[in-house]
1. In the set Asp392, Asp417, which member is touching a Cys at 6+ places or on another chain (Cβ under 6 Å), of a type in the set (D, E, K, R), crowded, with 17+ Cβ neighbours inside 10 Å and at negative phi?
2. Just checking, does the range 364-377 include any residue being closer than 24 Å to Leu252 by Cα and surrounded by fewer than 21 Cβ atoms within 10 Å (Cβ to Cβ)?
3. How many of the residues making up the range 288-328 are closer than 18 Å to Arg424 by Cβ and either exposed (fewer than 13 other Cβ atoms within 10 Å of the Cβ) or free of Cβ contacts under 8 Å to residues at least 40 places away in the same chain (or both)?
4. Among the listed residues Leu67, Leu107, which satisfies the condition of being on the phi < 0 side of the Ramachandran plot and modelled with pLDDT of 90 or more?
5. Tell me, please, whether a residue that is surrounded by 19 or more Cβ atoms within 10 Å (Cβ to Cβ) and part of a helix (DSSP H, G or I) can be found in the range 169-188.
6. Please go through the range 468-487 and give me each residue that is more than 10 Å from Asp448 (Cβ to Cβ) and either among the hydrophobic types (A, V, I, L, M, F, W, C) or within 15 Å of the chain's Cα centre (by Cα) (or both), ordered by number.
7. Of everything in the range 223-273 that's of a type in the set (Phe, Trp, Tyr) and over 20 Å from Ser470 (Cα atoms), which residue is surrounded by the fewest Cβ atoms within 10 Å (Cβ to Cβ)?
8. Working carefully through the options Gly430, Gly369, Gly346, find the one that is farther than 21 Å from Leu277 by Cα, out of contact with any strand residue (DSSP E or B) (no Cβ under 6 Å at 6 or more places or on another chain) and not assigned by TED's automatic domain parsing to the domain that holds Arg326.
Amino acid sequence: MNVAPSSTYPRAARRTSCLGTFLLVLVLWSFSVVALAAYLVVRSAIVRQVRVGWWAVFLAAAALLGLEVAIFEATGDGLVDLLRLHVHPWWLLLHGYGIGSLVTWPLTIFACQAPLGMPVGAMVGALSVARGERLAAGAEWSPYSQRQALVAEVHAVRSVARATRRHHEPTNPGKPPALGIAYPGGDLYPWLRKRGRVTEVVIPEREQRLAMAVLGIPSSGKTVTLLRRVWIAARSGMRVVFVDCKGTDPGLAWQVTCAYRLANPGATVGFWPTQALDCWRGDGMAIANRLLAVEDWAAEGDGLYYRRMATLALQLACTPPSGPPRNSQDFLRRLDHKKLQQLWRGDPTAQADLEQLAADPTVLAGVRGRYSAFFRALAGTADGRWSLEDVDLAVLTIPTIASRTDADAAVRLVLEDLGHFATRRKPRVGDDVLLVLDEFSAVQGSTDQAIHLAERLRDVGVPVVFGAQSPEGLGDERQQWRLLHTIGGGLVLHQLADPDRLIELAGTVRVPEQAWQLDPWARPARPGSTWSTGPGSTPTRSASCIPARPSSSRPAGPSDCQSCRPRCRPRRRRRPAPCAPPR
């Protein structure tokens with residue numbers, strides 16, 4: 001069950017009192033002008049930067065003061081001598097010594113009071129910022145709260161970067177490797193694993209066998225996440241089929257090979273189209289279905305009749321008693337009426353079907369023309385001697401074909417061959433295969449086929465990982481939501497222009513949301529304040545469970561990932577909030 005993280009009791013927001021600030025300045029001026037100057041400088045410096053928190057400045061000033069006390073302790077009476085040095089200029093005035101010139105007297109005051117005044121002023125300045133953050137109570141309109149959020153984010157980025165540089169994979173083979181390092185916050189509790197002081201994001205064993213999607217704009221770390229996913233699959237003993245649907249990066253195939261062989265050095269790798277792929281394995285009906293999926297047939301009007309006649313022609317060419325075709329040339333030779341009559345001699349049913357095809361010669365001629373153009377574009381790369389069951393890693397690059405239509409057809413041919421391999425040619429259990437479709441938006445003609453594979457190949461151990469630059473790259477609106485609701489292994493978001501719609505898929509959890517109502521005529525929250533928060537309320541709303549705001553969806557590498565999974569949607573309710581913290 002997903003619940004909201006625990007939060008503090010809602011408090012009213014207020015600012016520091018002007019009278020209190022005046023008294024503090026008066027006390028510091030009475031103590032030391034150097035302390036007052038250090039207070040103003042340190043306080044201004046803290047609020048103008050976001051890399052160092054107030055507590056770090058306070059600890060540094062306290063350490064400096066402790067070092068000075070230790071030095072004076074080793075050479076004299078310690079803190080007593082430090083106080084004597086601090087009041088030495090005033091002791092000179094009380095005993096009638098002259099102040100000298102206007103240059104030597106300020107220098108004398110600074111030299112005597114700096115050892116004690118500067119650390120004290122710095123500590124008071126740091127505590128003043130801390131009190132301002134405390135009184136802001138997390139109000140978004142307060143500069144203290146805004147700076148506090150920026151400091152927390154910068155600290156998280158630096159801690160994750162440091163943990164990534166020092167990260168080592170677990171030596172225990174029973175522990176799955178991590179997908180990345182988790183940022184503080186969030187509620188990916190089933191995905192988090194604590195190792196020392198580092199929180200890792202680990203894909204659960206069940207989700208590793210389910211479909212996943214990785215979305216992100218270019219240069220946001222999407223490909224790095226896919227390479228990490230390939231490496232994790234190799235560590236777990238899975239085969240990988242990596243389909244590069246865009247093909248503009250000539251070094252991607254080499255990177256995928258390095259990632260896989262880093263976990264499996266003796267892996268057998270096949271590259272297509274550099275090495276011709278054998279797409280003619282299986283029985284005749286499987287080959288006919290594979291070839292039928294290559295073309296985009298019409299489903300209405302006269303196109304439906306043409307599709308049925310083309311299906312009949314393909315089945316007659318691929319399922320004769322002599323056996324199916326084993327290369328494209330053999331297949332194209334069979335798309336001839338006389339050749340089909342020779343193959344089906346003695347079969348009256350097939351002869352009747354051939355007479356029906358002969359009644360419309362344009363059907364068989366059109367089918368042969370379509371597939372002849374397609375296999376000519378492939379240039380023999382579909383008539384090789386290796387297939388998916390012969391290698392541990394298959395890297396398939398699609399856009400070496402110039403035509404967009406032929407590229408879509410090649411993807412459909414590969415996906416259909418993969419479906420037949422997963423369901424018929426490989427063991428159902430014990431031989432899992434990871435299918436990665438990178439830059440899926442480059443080929444839109446096979447979206448429904450890929451979604452169909454993601455839905456039906458899960459039971460045979462073939463999870464599908466989709467990579468795209470935006471949700472629009474997953475197809476039209478119907479295909480997008482069908483695909484996103486098919487994903488059960490996580491939705492990894494990198495930097496996106498509009499992540500709000502995808503973040504809604506994570507569901508909601510019930511969290512308190514405090515509201516502040518500025519009312520200058522209300523009873524002050526404490527004596528001396530010029531304004532306070534009036535009556536307000538704390539609604540318990542349904543909030544997204546993503547560990548980052550939609551507006552801050554940032555580039556992420558292998559050390560930064562976010563996952564969306566379905567959640568419940570509780571109802572909204574409100575309860576009153578106090579105007580001041582309980583005493």
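1. Working: Asp392 fails: touching a Cys at 6+ places or on another chain (Cβ under 6 Å).
Going through Asp392, Asp417 in turn, the sole match is Asp417.
2. Taking the range 364-377 as the starting set, the residues that turn out to be closer than 24 Å to Leu252 by Cα are 377.
Then drop every residue that is not surrounded by fewer than 21 Cβ atoms within 10 Å (Cβ to Cβ), which leaves 377.
Yes: one or more hits.
3. Adding up the residues that qualify gives 6.
4. Residue meeting the stated conditions: Leu67.
5. No, there is no match, as no residue in the range 169-188 is surrounded by 19 or more Cβ atoms within 10 Å (Cβ to Cβ) and part of a helix (DSSP H, G or I).
6. Ala468, Gln469, Ser470, Pro471, Leu474, Trp481, Leu484, Ile487 - these are the residues of the range 468-487 that are more than 10 Å from Asp448 (Cβ to Cβ) and either among the hydrophobic types (A, V, I, L, M, F, W, C) or within 15 Å of the chain's Cα centre (by Cα) (or both).
7. In the first step, residues of the range 223-273 are kept if they are of a type in the set (Phe, Trp, Tyr); the result is 231, 242, 254, 260, 271-272.
Then drop every residue that is not over 20 Å from Ser470 (Cα atoms), which leaves 231, 254, 260, 271-272.
On the way: Trp231: 23, Trp254: 12, Tyr260: 25, Phe271: 18, Trp272: 22.
This residue is Trp254.
8. Details: Gly369 fails: not assigned by TED's automatic domain parsing to the domain that holds Arg326; Gly346 fails: not assigned by TED's automatic domain parsing to the domain that holds Arg326.
Unique residue meeting the criteria: Gly430.
The values are calculated or read from the model by the stated rules, or taken from the named source; none is laboratory data. Bear in mind that the values here come from a model prediction, so they are computed numbers and not experimental data. Don't worry about glycine lacking a Cβ; one is built from the backbone with ideal geometry, like all the others, and counts go over all protein chains shown.
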